[in-house]
Amino acid sequence: MTARIIDGKALSDAVKTDVSERVQALKARGVTPGLAVVLVGEDPASQVYVRNKAAACEKAGLHSRVIRLDAGITEEALLDVVRELNADPAIHGILVQLPLPKHMNSARVIETIAAHKDVDGFHISNAGLLMTGQPLFRPCTPYGVMKMFEACNVALRGAEAVVVGASNIVGKPMAMLLLAAGATVTICNSKTRDLAAQTRRADVLVVATGKPGMITGDMIKPGAVVIDVGINRLPDGKLVGDVDFPSASQVAAAITPVPGGVGPMTIAMLLVNTLEAAERSLNA
Ligand code: NDP
């Protein structure tokens, strides 16, 4: 079997086109959706992500503000920046790019973002709303994966879904969204005893570990849908996922590539979350 490739680039373009149209409609009502991205320090990967997010906003007609802060800034000074953005009516979404420098408490910084502007969906009250089945903001990466399932007509109700990775930003919210869609969900982590036994049961397999190529074709159920969230840069500069694409694509029915899979969807869903925050502000 050679898997169908799920084209995240094409799907994200369709989402962005829809966002642009809704942005125009909102502008006609006097509101331009605004996203503030706060970047602390000079982490090269973070700089690329922030640049891409700002460019995507501009292209879709949203207003974006990038605030670059020195790596040595105090946590209190960063919190003041966040509080100012909370109070700024031109800003509907606030994103603090992670990871933060080691001297900062990321949880405290995220909790300082107003929950109704937390477009990453990482605030504890947004995590709680998702957990209790009444999401306000769905974290962008798992939200993008759900869009992929929808676009590819993947039947989730009653499906065996296995999520490998249990982080607060990908694995856990992914599991919650799959559960809400009616899947039977297993979450694996680094302590899982027999990972292959778990992954081989999966009709739907989502992998987010940051371990390049760790899921190989022999760990996949024939005909499964495989979503590779991982983005890993190898020493030779090549970008690869957490799934070994050559062997997995011989077994799966459908699979996302890296790059060009989940990555572009994450940015598209950030635009959706910001747009929806702006729409809600108008109705508030
Ligand atoms: P974290 O490091 O926060 O979490 C990794 C998770 O994987 C942990 O739960 C860890 O388990 C688990 N894990 C690690 N090794 C294994 C293993 N051998 N077997 C089973 N589980 C394992 O990573 P993130 O969730 O932040 O990111 C994961 C990957 O996704 C990275 O490559 C990252 O770059 C990428 N990413 C991609 C995005 C996109 O837009 N496409 C967005 C965000 C992330 P434990 O809990 O036991 O430590």
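Carbon-plus-sulfur fraction of the accessible area of the chain, 1.4 Å probe, in percent? Each step should come with its number before you reach the end.
Numbers: 7210 of 12990 Å².
About 56 percent, which is the carbon plus sulfur part of the accessible surface.
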Alpha carbon centre of region 156-171 versus region 208-284: separation in Å?
13
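Hey, got a sec? Which trypsin sites (Lys or Arg not before Pro) in region 84-133 land in a DSSP loop and have at most 10 other Cβ atoms within 10 Å? Present the calculation step by step, with values, prior to reporting the outcome.
Numbers: sites: LYS102, ARG108, LYS117; in loops: LYS102.
Answer in residue order: LYS102.
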Report the paramagnetic label zone for ARG201: residues of region 137-171 whose backbone N is under 18 Å from a point 7 Å from Cα along the Cα-to-Cβ axis.
156-166
Leaving out same-chain residues fewer than 8 places away, which aspartates and glutamates sit with a Cα under 13 Å from that of LYS53?
ASP120
Report the full-extension gain for the segment THR17 to ALA107: residue separation times 0.36 nm, less the Cα-Cα distance, to one decimal in nm.
29.0 nm
Subtracting the Cα-Cα distance of ARG65 and ASP80 from 0.36 nm times their residue separation yields 3.8 nm
ARG233-ASP194 FRET efficiency (beta carbon distance; Förster radius 41 Å; 0.05 resolution)
0.90
So what J values fall out for region 159-169 if you push phi through Karplus, 6.51 cos²θ - 1.76 cosθ + 1.60 with θ = phi - 60°, rounded to Hz, Gly and Pro as x?
6, 7, 10, 10, 10, 9, x, 9, 6, 5, 9
Among the aspartates and glutamates, select those whose C-alpha is under 18 Å from the C-alpha of LYS221, and discard any that sit fewer than 8 residues away in the same chain.
GLU160, ASP194, ASP203, ASP242, ASP244
Taking a threshold of 31 Å on the Cα-Cα distance, which of the pairs LYS27/LYS238; LYS27/LYS102; LYS59/LYS211; LYS147/LYS238; LYS117/LYS238; LYS117/LYS172 fall above it?
LYS27/LYS238; LYS27/LYS102; LYS59/LYS211; LYS117/LYS238
Send over a whole-number figure in Å² for the accessible area per residue of the chain, probe 1.4 Å.
46
Between GLN134 and MET1, what is 0.36 nm times their sequence separation minus the Cα-Cα distance? Round to one decimal in nm.
44.0 nm
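The values are calculated or read from the model by the stated rules, or taken from the named source; none is laboratory data. The structure displayed is predicted, hence computed values, not measured ones. So basically every Cβ, Gly included, is an ideal-geometry build from the backbone, and we count neighbours across all protein chains shown. Surface accessibility is based on the protein's heavy atoms, side chains included, excluding ligands, DNA and RNA. Shrake-Rupley method; radii C 1.70, N 1.55, O 1.52, S 1.80 Å.
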